[in-house]
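**Q** I'd like to ask you about the structure that follows.
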Amino acid sequence: MQPFIKFLEWSGLPKHDQESIRLKYNSEAAIKDADIEFRYFNDGSPAFVDLAYTHNLTLENMIFDRSADYYTTQDVRKIVGMINAVLGVN
């Protein structure tokens with residue numbers, strides 16, 4: 001859950017503060033161990049990137065370009081909301 005929280009904190013920062021915090025978070029062991037990174041979409045908006053497929057070079061992953069999955073801030077908010085609902089956290 002911590003990577004989601006850190007992503008939401010980072011994505012809410014002013015643009016001029018985001019890059020230094022992004023580099024800091026991406027270098028943390030918990031983020032690396034979770035196989036995720038914080039990146040940007042082409043339009044400059046924050047992206048939560050799941051790198052789980054990068055360790056699994058199958059023909060299917062190469063055909064469908066599934067080397068990484070990108071999620072928007074809104075996607076991550078929905079994920080956190082679902083987790084909180086399951087755990088009964090408000």
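**Q** Considering each residue of region 5-24, count those that are farther than 17 Å from Tyr70 by Cα and not charged (D, E, K, R), and give that number.
**A** Taking region 5-24 first, the residues farther than 17 Å from Tyr70 by Cα are 9, 12-21, 23-24.
Those still in the list that are not charged (D, E, K, R) too: 12-14, 16, 18, 20-21, 23.
Count: 8.
**Q** Quick check: is even one residue across region 20-32 over 9 Å from the mean Cα position of the chain (by Cα), of a type in the set (Gly, Ala, Ser) and surrounded by 12 or more Cβ atoms within 10 Å (Cβ to Cβ)?
**A** no
**Q** Any idea which residue in region 51-90 is modelled with the highest pLDDT, counting only those that are assigned to a loop (DSSP other than H, G, I, E, B) and of a type in the set (S, T, N, Q)? Show your work before the answer.
**A** In the first step, residues of region 51-90 are kept if they are assigned to a loop (DSSP other than H, G, I, E, B); the result is 51, 56-58, 64-68, 72, 88-90.
If we keep only those that are of a type in the set (S, T, N, Q) as well, we get 56, 58, 67, 72, 90.
Numbers: Asn56: 61, Thr58: 63, Ser67: 68, Thr72: 97, Asn90: 69.
The extreme case among them is Thr72.
The values are calculated or read from the model by the stated rules, or taken from the named source; none is laboratory data. This structure is a prediction, so every number in the text was calculated from the model and none was measured. A quick note on method: Cβ atoms are made from the backbone with ideal geometry, for glycine too, and the neighbour counts reach across all protein chains shown.
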